[in-house]
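Structure record follows, encoded as structure tokens.
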Amino acid sequence: MAREPESMAKTESLFRDVNERIATAADQFGSEEAEFVCECADPKCVERVGVPLEVYESVRAEPTTFILANGHEEGSIEKVVETRRRFQIVEKVNRKVVAVVRKLDPRSGAPDLEPG
């Protein structure tokens, strides 16, 4: 069964929250790069991608951009805006998904995600 765009956005936002914690830890240890979880819509994805913290921060500057393993994009909700050797950057294009990821952006001061 196909998943609803809002459900996919919540999955991606959960992965983004995990990556925020990874970025914080990497920064505390003075790392220039970290292994982040793929922020794709597949809740079973276990891919990791090495991303320089500087690039990660530039992606996080906009709540509608995410880091994915190459080939993990979902064309119905996002478009690839940049491809690198080990990862790609996508931007949400589905208006419902844009609304959800903006609301759940951990840097916007919104409350944490609730399970379910």
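Taking θ as phi - 60° and the Karplus parameters 6.51, -1.76 and 1.60, the scalar couplings of segment 57-69 work out to 4, 5, 5, 5, 4, 10, x, 9, 10, 9, 9, 10, 5 Hz in sequence order, x denoting glycine and proline. The GNM of the chain, with springs linking C-alpha atoms under 10 angstrom apart, assigns the highest mean-square fluctuation among Glu57, Glu78, Glu91 to Glu57.
Less than 5 angstrom separates the built amide H of Glu47 from those of Cys38, all sequence-distant by 5 or more or on a different chain. Computed from backbone phi with θ = phi - 60° and the Karplus coefficients 6.51, -1.76 and 1.60, the 3J(HN,Hα) list for segment 33-48 is 9, 9, 8, 9, 7, 4, 9, 7, 7, 7, x, 9, 5, 10, 5, 10 Hz; x is used for glycine and proline.
Debye-formula intensities of segment 5-103, expressed as log10 I(q)/I(0) at q = 0.18, 0.19 Å⁻¹, are -0.75, -0.83 (one equal scatterer per alpha-carbon, no solvent). At 222 nm, what value in deg cm²/dmol follows for the chain if DSSP H runs of at least 4 each add -39500 (n - 2.57) and the sum is divided by all its residues, to the nearest 500? Helices in the chain give a 222 nm mean residue ellipticity of -11500 deg cm²/dmol. Residue order for Ile77, Ile67, fewest other beta carbons within 10 angstrom first, comes to Ile77, Ile67. The phi-based Karplus calculation (6.51 cos²θ - 1.76 cosθ + 1.60; θ = phi - 60°) puts the 3J(HN,Hα) values of segment 15-29 at 4, 4, 4, 4, 5, 4, 5, 4, 4, 4, 5, 4, 5, 5, 8 Hz, whole numbers, x for Gly and Pro. Once backbone amide H atoms are built at 1.01 Å from N, Ala34 has Val51, Leu53 as its partners under 5 Å, excluding neighbours fewer than 5 places away on the same chain.
Here, each number is a calculation from the coordinates, and none is a lab measurement. Given the structure is predicted, the values throughout are model-derived calculations rather than measurements. Don't worry about glycine lacking a Cβ; one is built from the backbone with ideal geometry, like all the others, and counts go over all protein chains shown.
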